[in-house]
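The values are calculated or read from the model by the stated rules, or taken from the named source; none is laboratory data. Here the structure is a predicted model, which is why all the values come from computation and not from measurement. Don't worry about glycine lacking a Cβ; one is built from the backbone with ideal geometry, like all the others, and counts go over all protein chains shown.
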Amino acid sequence: MKVPFTTELPDKYNRLIQVGSLEEMFSAVESAGSDVNLIVWRRGALEGDFNTLAECLSDSSSEDKSISYPELYLKSTDIIQPEDLSLRSDFSAACAAIYKDIKDLAELRPGDVEMHTLRSVGHHGYEEADIHDFHSDQDYWRFMACYSGLGTEWIKNEDSIKDDTRDGFYYAAEDAAHYHFQEGDVWLQSGEGLTGRAPFLHRAPDITFNEGDKPQKRLMYVADLAMS
Ligand SMILES: [Fe+2]
């Protein structure tokens, strides 16, 4: 059975701060109380054909940390400038937008990006089935951007039930509201490494959301940040 979900952000949720820019996002994290585990910049859809770009990228879901794409690759030590890429014009705007996010993050938090990866995930989802269950990450603050497809699914901490058989895994309570990020969203989510702060509980979306004739790939940027 498909679980109903919303891409709206909850009102008056004390663990969430909404901001209007990357600068505000990192100011917010400095001043956030210990309740907060999610900081979101909902900027709306970006210009560029991200769906085409996602289709052109090889499915990276089975690869870990270091990815190599035929036409675009992003690694911590080797970021290609958009103008260096010989890309089809229908998705060069999308590449430029992603590159800008990566560059802006690196400039705002010099030295803090420990790992980053651009992920293109096919409609069949991740090979690691666990990622499709609600869990907390081990990382400290994780920076995410959703460019194409349905964004990460999440629940409020108070709507979760701990899975006693697996460390760091949870179930959604029966009446839990299920939220999803949307294209254009950028957010910071906290992991278990931040002691005293409840970790953000999330999962890769249920793959059945994407059944049909033209299943859509998900395209996102993920960066682990060395900051507490
Ligand atoms: Fe995760």
If SER148 satisfies all but one of (1) within 23 Å of SER228 (Cα to Cα); (2) away from the ligand (no atom under 16 Å from the Cβ), what's the number of the condition it fails? (1)
In region 4-15, which residue that is surrounded by 13 or more Cβ atoms within 10 Å (Cβ to Cβ) and out of contact with any Lys or Arg (no Cβ under 9 Å at 6 or more places or on another chain) is modelled with the highest pLDDT? THR7
Please go through region 35-47 and pick out each residue that is more than 18 Å from the chain's Cα centre (by Cα) and surrounded by 12 or more Cβ atoms within 10 Å (Cβ to Cβ). ASP35
Checking the structure you have, find out if any residue of region 77-85 is over 29 Å from ASP130 (Cβ atoms) and modelled with pLDDT of 90 or more. no
Just to be sure before I move on: is HIS124 out of contact with any Lys or Arg (no Cβ under 6 Å at 6 or more places or on another chain) and surrounded by fewer than 18 Cβ atoms within 10 Å (Cβ to Cβ) in the structure I sent? yes
If you check ASP164, ASP112, ASP159, which single one turns out to be without any contact (Cβ under 8 Å) to a residue 12 or more places away in the chain, away from the ligand (no atom under 14 Å from the Cβ) and out of contact with any Ser or Thr (no Cβ under 6 Å at 6 or more places or on another chain)? ASP164
Here is a list: ALA172, ALA198, ALA204, ALA176. Which entry is away from the ligand (no atom under 14 Å from the Cβ) and at pLDDT below 95? ALA198
Being modelled with pLDDT of 95 or more, of a type outside the set (D, E, K, R) and surrounded by fewer than 16 Cβ atoms within 10 Å (Cβ to Cβ) is the filter here, so list the residues in region 16-32 that pass it. GLN18, GLY20, SER21, SER27
What's the number of the only condition in (1) in contact with a helix residue (DSSP H, G or I) (Cβ under 6 Å, 6 or more places away or on another chain); (2) modelled with pLDDT under 80; (3) more than 16 Å from the ligand (Cβ to nearest atom) that GLY125 fails to meet? (3)
Tell me, please, whether a residue that is modelled with pLDDT of 70 or more, closer than 29 Å to MET227 by Cα and touching a Ser or Thr at 6+ places or on another chain (Cβ under 7 Å) can be found in region 40-55. yes
Would you check if ASP130 is more than 15 Å from the chain's Cα centre (by Cα) and within 12 Å of the ligand (Cβ to nearest atom)? yes
Filtering region 2-19 down to residues that are part of a loop (DSSP other than H, G, I, E, B) and either touching a residue at least 24 places away in the same chain (Cβ under 8 Å) or within 17 Å of HIS202 (Cβ to Cβ) (or both) yields LYS2, VAL3, PRO4, THR7, GLU8, LEU9, PRO10, TYR13, ARG15
Out of ALA32, ALA28, ALA45, which single residue is over 28 Å from ALA94 (Cα atoms) and hydrophobic (A, V, I, L, M, F, W, C)? ALA32
Under 8 Å between Cβ atoms, which residue pairs at least 6 apart in sequence (or on different chains) link something in region 118-143 that is over 16 Å from MET220 (Cβ atoms) with a partner that is among the basic types (Lys, Arg) and surrounded by 15 or more Cβ atoms within 10 Å (Cβ to Cβ)? ASP133/ARG203; PHE134/ARG203; HIS135/ARG203
GLU153 meets each of (1) more than 14 Å from the chain's Cα centre (by Cα); (2) within 14 Å of the ligand (Cβ to nearest atom) with one exception, condition (1)
